1. What ranking of Ser88, Ser3 emerges when the number of other C-beta atoms within 10 Å of each C-beta is taken as an exposure proxy, fewest first?
2. Tell me, what ³J(HN,Hα) does each residue in segment 67-84 have, in order and in whole Hz, if you take phi through Karplus 6.51 cos²θ - 1.76 cosθ + 1.60 with θ = phi - 60° and put x for Gly and Pro?
3. Figure the gain on full extension for Arg76 and Arg7 (residue separation times 0.36 nm, minus the Cα-Cα span) and round it to one decimal in nm.
4. When ranked by the protection proxy of mean other Cβ atoms within 10 Å per residue, highest first, what sequence do the peptides 103-109, 59-65 form?
5. Please turn the phi angles of segment 39-46 into ³J(HN,Hα) values with the Karplus equation 6.51 cos²θ - 1.76 cosθ + 1.60 (θ = phi - 60°), one per residue in order, whole Hz, x for glycine and proline.
6. Over segment 41-80, calculate the relative contact order: mean separation of alpha carbon pairs under 8 Å at least 6 apart, over the residue count, as a percent.
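Nothing in this text is a laboratory measurement; each read-out follows from the coordinates by a stated rule. It should be emphasised that the depicted structure is a prediction, and the values quoted were computed from it without experimental measurement. So basically every Cβ, Gly included, is an ideal-geometry build from the backbone, and we count neighbours across all protein chains shown.
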Amino acid sequence: MRSFLHRYAGLVILGIMAISLAWIMPGKAQNQDEGKLQLGAQIFAENCAVCHGSDGKGRVGATLAKDWPSIRPDLRVKTTIENGVTGSVMPPWGQANGGPLTEEEIDALVYYILSWQTGGPGNSMSNSQMIRLFWSST
Ligand code: HEC
């Protein structure tokens with residue numbers, strides 16, 4: 001027994017380290033996604049829901065909860081948010097265009113909006129979480 005331990009202790013420790021790393025890593029990534037999603041949801045509720053509806057289904061503004069017919073919907077949505085839509089009430093939000101939102105905030109918004117796509121990123125936030133976030137920010 002003693003010699004077995006001596007021989008394999010290193011391997012066992014390596015194994016335990018590998019397993020715990022594998023355990024921690026996806027959890028970390030998921031927390032980051034969750035944080036981004038929550039930030040996006042909050043900014044959306046504060047700035048966009050008036051026109052686009054709290055669920056993105058559209059009011060004065062266009063429906064955002066949809067599948068975007070674009071190869072890079074993220075770029076398309078991001079550019080629209082940054083620049084606004086000329087000739088409509090959709091204002092530019094990017095700071096480069098005199099808007100209030102930082103690059104990071106717009107990225108979170110894009111992430112949140114695209115989560116409404118079928119199979120979009122970060123569909124993991126539960127409805128009750130979103131509702132709580134929405135009410136806590138109004
Ligand atoms: C004052 C009302 C208003 C507000 C506030 C507003 N929007 Fe809009 N938005 C519009 C309107 C109207 C359009 C449709 C413009 C058009 O194409 O004629 C639009 C279009 C868009 C589009 C493009 C939709 C498409 O199908 O191409 C995106 C993306 C968008 N808005 C995101 C946002 C985000 C994100 C916010 C919050 C930061 C926001 N909007 C705030 C009115 C608004």
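1. Ser3, Ser88
2. Using θ = phi - 60°, the values come out as 8, 7, x, 8, 6, 10, x, 4, 5, 5, 5, 4, 4, 4, 5, 4, 9, x Hz.
3. Separation in residues times 0.36 nm, less the Cα-Cα distance, equals 19.0 nm.
4. Final packing ranking: 103-109, 59-65.
5. My calculation for segment 39-46 gives 4, x, 4, 5, 5, 5, 4, 6 Hz in order.
6. RCO, segment 41-80: 20 percent.
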